[in-house]
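Quick note: the coordinates plus some simple rules give every number you see, no bench work behind them. Here the structure is a predicted model, which means the values were calculated and not measured. All Cβ positions, even for glycine, are placed from backbone atoms using ideal geometry, and neighbour counts span all protein chains on display.
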2 protein chains.
Amino acid sequence: MSLVKRVTINDVALAAGVSVSTVSLVLSGKGRISSATGERVNAAVEKLGFVRNQQAVALRGGHSGRIGVIVHNLCHPFYAELTAGLAEELEQNGRMLMLLQEGNGGERLQRCVDTLLAQGVDGIIIAGVSGRGVALRERAAQSGVTLLFASRDSHPDEVAVVRPDNQQAARLATEYLINKGHQRIAWLGGHSASLARAERLGGFCATLLQYGLPFHSHWIIECESTQRRAAEAVVSLLRRNPTITAVVCHNSTVAMGAWFGLLRAGRQSGEDSLDSYYDSRIALAAFADVPEMMLDDVPVTWVTTPAREIGRSVAQRILRAEPTEQDTANSFIVPARLVAHKG
Amino acid sequence: MSLVKRVTINDVALAAGVSVSTVSLVLSGKGRISSATGERVNAAVEKLGFVRNQQAVALRGGHSGRIGVIVHNLCHPFYAELTAGLAEELEQNGRMLMLLQEGNGGERLQRCVDTLLAQGVDGIIIAGVSGRGVALRERAAQSGVTLLFASRDSHPDEVAVVRPDNQQAARLATEYLINKGHQRIAWLGGHSASLARAERLGGFCATLLQYGLPFHSHWIIECESTQRRAAEAVVSLLRRNPTITAVVCHNSTVAMGAWFGLLRAGRQSGEDSLDSYYDSRIALAAFADVPEMMLDDVPVTWVTTPAREIGRSVAQRILRAEPTEQDTANSFIVPARLVAHKG
DNA sequence: TTGAAAGCGGTACCAA
DNA sequence: TTGGTACCGCTTTCAA
């Protein structure tokens with residue numbers, strides 16, 4: 001037993017009574033081979049259970065079929081979806097994904113790229129990391145490897161990035177509410193340092209202005225992403241500004257919290273039906289990274305960021321990209337979809 | 001421009017004025033090298049930006065440093081966490097992860113393994129796929145590669161698997177409720193075909209019996225994993241069995257739904273405080289794949305399956321494993337943790 | 001302490 | 001239509 005030697009092309013050649021070059025040709029279907037030889041080789045491959053050693057192929061000069069992916073946090077739903085889309089698309093094209101998680105800090109990212117380069121990847125995708133993009137791309141280019149970025153927001157660097165259209169997403173949500181008849185719309189959630197939030201706010205404000213609707217900066221509420229805080233915030237907001245009829249929430253947690261807050265407020269104000277209280281008074285719209293089953297029963301209209309599509313898109317781009325032409329690659333912005341609450 | 005040739009060990013040797021063998025020795029710190037030469041080589045490495053080609057290393061006979069991972073569904077929180085833990089642990093040990101998603105069907109899984117084998121991985125981890133384990137392990141063993149399984153439940157095959165202790169998790173939840181004074185406890189959610197559910201139910205029933213508490217099979221409710229269904233189910237359950245004081249929920253969606261159901265029921269029954277209605281009447285416990293921030297405000301006691309730890313654990317095992325001794329590897333069962341609702 | 005050379009498993013060019 | 005063979009980048013004896 002012990003170290004079972006792997007079946008190589010030599011073994012196949014021997015078994016089929018041909019040379020290694022012939023086997024190689026059959027394998028890649030390149031040369032003009034007589035069908036008799038072809039079958040003999042294939043039979044040998046089958047019998048011996050031969051699997052082609054991709055490392056050797058890559059070493060000789062071919063492509064390795066590996067795409068490196070550096071993802072900031074795999075457990076974040078957005079990046080999980082993105083990575084899933086990436087893997088899906090890459091697998092469909094016979095490539096595979098080498099995954100690295102970028103735990104902390106900038107130095108580490110550089111090292112991730114080097115690790116990937118050492119593994120002989122054909123391309124590298126960085127998902128959700130900001131800054132230092134130019135230096136990294138240069139490093140990758142030195143090795144003739146395409147480097148692409150994917151992110152939730154626009155990149156601070158001047159590098160190409162595939163990302164969601166946060167402005168359009170906000171416009172979508174806002175217009176939906178406006179078309180439903182809402183005129184006084186507030187914003188709840190997110191931290192002012194968030195770039196994605198800033199982009200969304202841009203779309204939100206622009207849409208309000210465009211429709212000639214009032215916009216007050218004190219209707220824009222920062223809020224920690226917990227249900228408790230969101231519930232408190234929405235109640236206090238509505239108490240101070242009773243004319244507000246709709247709220248756009250920065251994420252699903254905030255939206256859930258806001259809903260609970262409304263439920264409580266409805267109860268406390270003596271309404272006899274929470275649903276009617278909600279329906280007649282306050283409409284909720286919110287951004288979500290993925291259409292979550294968990295949220296199916298909450299009366300919120302969701303604008304979902306197409307994380308999976310972004311993954312697929314960036315995969316397609318890296319497959320198409322020639323290492324030399326990467327400089328021509330421009331940002332590719334994927335639109336969001338609106339999922340209206342039924343009923 | 002165009003195809004920038006990668007810096008090789010030859011270039012380094014040339015630049016440092018030594019032979020390739022010397023460079024190799026310095027790189028791996030193996031031979032006894034004079035510090036003068038060592039420094040000259042390192043300087044050249046630095047200047048040229050050399051990165052060692054792992055494919056060549058692996059081809060020559062060393063380990064590739066790659067671990068293949070086949071995961072059923074990356075977007076499922078349990079498997080996302082598991083994969084993250086896996087990646088974390090592997091990276092800390094200088095390995096990396098080649099990720100494959102097993103979309104559908106059995107044939108495909110076999111192909112995934114072959115793909116991984118062709119890439120020259122040192123080991124393969126299959127996360128969340130059942131059946132056909134024996135055949136796959138055999139295939140891997142032929143190539144001298146260790147194959148390990150990780151899963152949410154016990155495996156139907158007779159192969160080693162790292163998995164959560166579903167029985168213990170259920171025991172944990174049940175005992176917690178009992179210690180809180182609950183005597184009449186129901187079960188809500190999950191499909192009867194689910195193996196994980198069956199295991200949990202085992203722990204649940206055993207604990208009840210152990211404490212001499214009543215157990216009625218009609219207190220075990222199957223339920224689709226949506227909030228709406230769970231809300232309906234919990235209300236109808238309590239209406240039929242008003243003596244029940246606690247419910248164990250099969251997952252977080254069901255728990256959320258149950259809570260909403262209780263809220264509604266409380267309101268309809270004319271209670272003036274939902275919280276007190278809930279607190280005084282029905283306690284909820286539930287299983288969750290990860291401690292989710294989203295759930296921070298729901299009065300549910302969670303038993304979290306340690307997905308990340310399972311990932312880490314299986315990574316450690318595959319790093320430790322010698323290809324030949326895999327048959328001695330037994331199932332490794334990771335206990336769950338209880339997160340009591342504060343207040 | 002260092003260098004020369006033989007592979008690892010393929011590919012592809014050049015002959016036959 | 002096939003076979004011989006020189007590599008790809010690196011490790012590792014074996015000599016020097």
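Structure values in brief
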quantity: Residues A:Thr207, A:Thr243, A:Thr37, B:Thr174, sorted so that the one with the fewest Cβ neighbours within 10 Å comes first; calculated: A:Thr243, A:Thr37, A:Thr207, B:Thr174
quantity: Of A:Ala196, A:Ala36, A:Ala265, the one that fluctuates the most in a GNM where chain A has Cα springs shorter than 10 Å; calculated: A:Ala36
quantity: Diffusion coefficient, µm² s⁻¹, Stokes-Einstein with Kirkwood Rh over alpha-carbon pairs of chain B at 10 °C and 1.306 mPa s; calculated: 68 µm²/s
quantity: Antiparallel %, DSSP beta bridges [both residues in the protein assembly as shown], to 5; calculated: 15 percent
quantity: Dipole in debye (nearest 20) - the protein assembly as shown, about Cα centre, beta carbon charges: Lys, Arg +1; Asp, Glu -1; calculated: 860 debye
quantity: A:Glu89, B:Glu46 arranged by Cβ crowding within 10 Å, fewest neighbours leading; calculated: B:Glu46, A:Glu89
quantity: Inverse of mean 1/r across different Cα pairs in segment A:1-62, Kirkwood, Å; calculated: 12.1 Å
quantity: Furthest towards positive pole of dipole, B:Gly212, B:Leu338, B:Val248, structure part chain B, Cβ charges; calculated: B:Leu338
quantity: For chain A, calculated [θ]222 nm from helices alone, where every DSSP H run of n ≥ 4 adds -39500 (n - 2.57); calculated: -14500 deg cm²/dmol
quantity: Gaussian network model of chain A, Cα within-10 Å springs - most flexible of A:Ile125, A:Ile70, A:Ile33; calculated: A:Ile33
quantity: Filtered trypsin sites (Lys or Arg not before Pro), segment A:24-87: DSSP coil and at most 13 other beta carbons within 10 Å; calculated: A:Lys30, A:Arg32
quantity: Selection from A:Val162, A:Leu238, B:Leu97, by position along the positive dipole direction of the protein assembly as shown (Cβ); calculated: B:Leu97
quantity: GNM result for chain A, Cα springs below 10 Å: residue of A:Pro242, A:Pro77, A:Pro164 fluctuating most strongly; calculated: A:Pro242
quantity: Dipole magnitude of segment B:1-49 about its Cα centre (Cβ charges: Lys, Arg +1; Asp, Glu -1), debye to nearest 20; calculated: 100 debye
quantity: Calculated label separations, A:Ser194, copies of the chain, 7 Å along the beta-carbon direction, nm; calculated: 3.0
quantity: FRET efficiency estimate (nearest 0.05) - Cβ-Cβ, B:Gln142 to B:Ile33, R0 30 angstrom; calculated: 0.15
quantity: Radius ratio Rg over Rh of the protein assembly as shown, counting only Cα atoms, Kirkwood formula for Rh; calculated: 1.03
quantity: Fraction of antiparallel bridges per DSSP, chain A only, in percent to nearest 5; calculated: 10 percent
quantity: Where trypsin sites (Lys or Arg not before Pro) fall in DSSP loop in segment A:180-256, at most 10 other Cβ within 10 Å; calculated: none
